[in-house]
Amino acid sequence: MSKVVPPRKDAPMADHPSPAPWHGTTILSVRRGDTVVIAGDGQVSMGQTIVKGSARKVRPLAGGSVIAGFAGATADALTLFERLENKLERFPGQLTRAAVEMAKDWRTDRYLRRLEAMMAVADRSVSLVLTGTGDVMEPDDGLIGIGSGGNFALAAARALIAVDGLDAETIARRAMAIAAGIDVYTNGNVTIETL
């Protein structure tokens, strides 16, 4: 005869699962020569279900002098876009300074600290990754990959950047297609912004 063991008091209830996490982003930034692009896929998923295939996760900021892409919760990312835009107004033409100031706020502000997102931002001279832990990082090779398929796209872009004759947008499109073929939270509906 088997013994029935009651659930632990601290165990989650089976009939009350936690909400499904939102997934579904691959953001890639490629800098080659005088051109920088940020590409983002359009898929948003809730758990194992695709809820949208055409989200726009990449956009121009500061009158088109900066481009940015986000990975994470949409409302959080929109808040961060707005905050970065405000910092860029305060420090025009100084993306690094604006990003550092925003990262300080993100890390120390009680409300912002709860935001779950990462950002890839670029202007004509610098590409940066911003995180909620206060990180502002510039990659050595001009390539950034964030989100669920970010590592796949980044690896593909690193291989493609060695191919002569490919421009930044071609590299980004091909790398995003590779990521979409591997990561189930990434689709082939790609938005690209270029400087």
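The values are calculated or read from the model by the stated rules, or taken from the named source; none is laboratory data. Since the model is a prediction, treat every value here as computed from it, not as a measurement. All Cβ positions, glycine included, derive from the backbone under ideal geometry; neighbour counts span all protein chains shown.
From the list LEU84, LEU80, LEU128, LEU88, pick out the single residue that is over 15 Å from the mean Cα position of the chain (by Cα) and surrounded by 15 or more Cβ atoms within 10 Å (Cβ to Cβ).
Values: LEU84 fails: over 15 Å from the mean Cα position of the chain (by Cα); LEU80 fails: over 15 Å from the mean Cα position of the chain (by Cα); LEU128 fails: over 15 Å from the mean Cα position of the chain (by Cα).
Of the residues listed, the single one that is over 15 Å from the mean Cα position of the chain (by Cα) and surrounded by 15 or more Cβ atoms within 10 Å (Cβ to Cβ) is LEU88.
Please go through segment 91-105 and give me each residue that is over 18 Å from the mean Cα position of the chain (by Cα), modelled with pLDDT of 85 or more and not small (Gly, Ala, Ser), ordered by number.
PHE91, PRO92, GLN94, ARG97, GLU101, listed by residue number.
Output the residues belonging to segment 179-195 that are part of a helix (DSSP H, G or I) and surrounded by 19 or more Cβ atoms within 10 Å (Cβ to Cβ). Give the steps one after another, and end with the answer.
Step one: list which residues in segment 179-195 are part of a helix (DSSP H, G or I), which gives 179-182.
Within segment 179-195, ALA179, ALA180 qualify.
Could you please find all residues in segment 140-186 being out of contact with any strand residue (DSSP E or B) (no Cβ under 6 Å at 6 or more places or on another chain) and of a type in the set (Asp, Glu)?
Within segment 140-186, ASP140, ASP141, ASP164, ASP167, ASP183 qualify.
For segment 106-156, give me the residue count where each residue is in a helix (DSSP H, G or I) and modelled with pLDDT of 85 or more.
Going residue by residue through segment 106-156, those that are in a helix (DSSP H, G or I) are 106-108, 112-114, 150-156.
Filter once more, keeping what is modelled with pLDDT of 85 or more: 150-156.
Within segment 106-156, residues that are in a helix (DSSP H, G or I) and modelled with pLDDT of 85 or more number 7.
Sort out which residues of segment 31-49 are part of a strand (DSSP E or B) and free of Cβ contacts under 8 Å to residues at least 40 places away in the same chain, and write them in order of number.
First, the residues of segment 31-49 that are part of a strand (DSSP E or B): 31-32, 35-40, 44-46, 49.
VAL44, MET46, THR49 - these are the residues of segment 31-49 that are part of a strand (DSSP E or B) and free of Cβ contacts under 8 Å to residues at least 40 places away in the same chain.
Test ARG56 against the criterion of being of a type in the set (D, E, K, R) and not in a helix (DSSP H, G or I), and give yes or no.
Working: of a type in the set (D, E, K, R): yes; not in a helix (DSSP H, G or I): yes.
Yes: the conditions hold for ARG56.
Can you pull out every residue in segment 44-69 that is modelled with pLDDT under 90 and in contact with a helix residue (DSSP H, G or I) (Cβ under 9 Å, 6 or more places away or on another chain)?
Those that are modelled with pLDDT under 90 and in contact with a helix residue (DSSP H, G or I) (Cβ under 9 Å, 6 or more places away or on another chain): VAL44, ALA55.
If you check ALA159, ALA103, which single one turns out to be over 20 Å from GLY33 (Cβ atoms), among the aliphatic types (A, V, I, L, M) and outside any loop (DSSP other than H, G, I, E, B)? Before the answer, list the steps.
Details: ALA159 fails: over 20 Å from GLY33 (Cβ atoms).
Of the residues listed, the single one that is over 20 Å from GLY33 (Cβ atoms), among the aliphatic types (A, V, I, L, M) and outside any loop (DSSP other than H, G, I, E, B) is ALA103.
Please go through segment 61-73 and give me each residue that is assigned to a helix (DSSP H, G or I) and buried (at least 16 other Cβ atoms within 10 Å of the Cβ), ordered by number.
Keep residues of segment 61-73 that are assigned to a helix (DSSP H, G or I), which gives 62-64.
The one that is assigned to a helix (DSSP H, G or I) and buried (at least 16 other Cβ atoms within 10 Å of the Cβ): ALA62.
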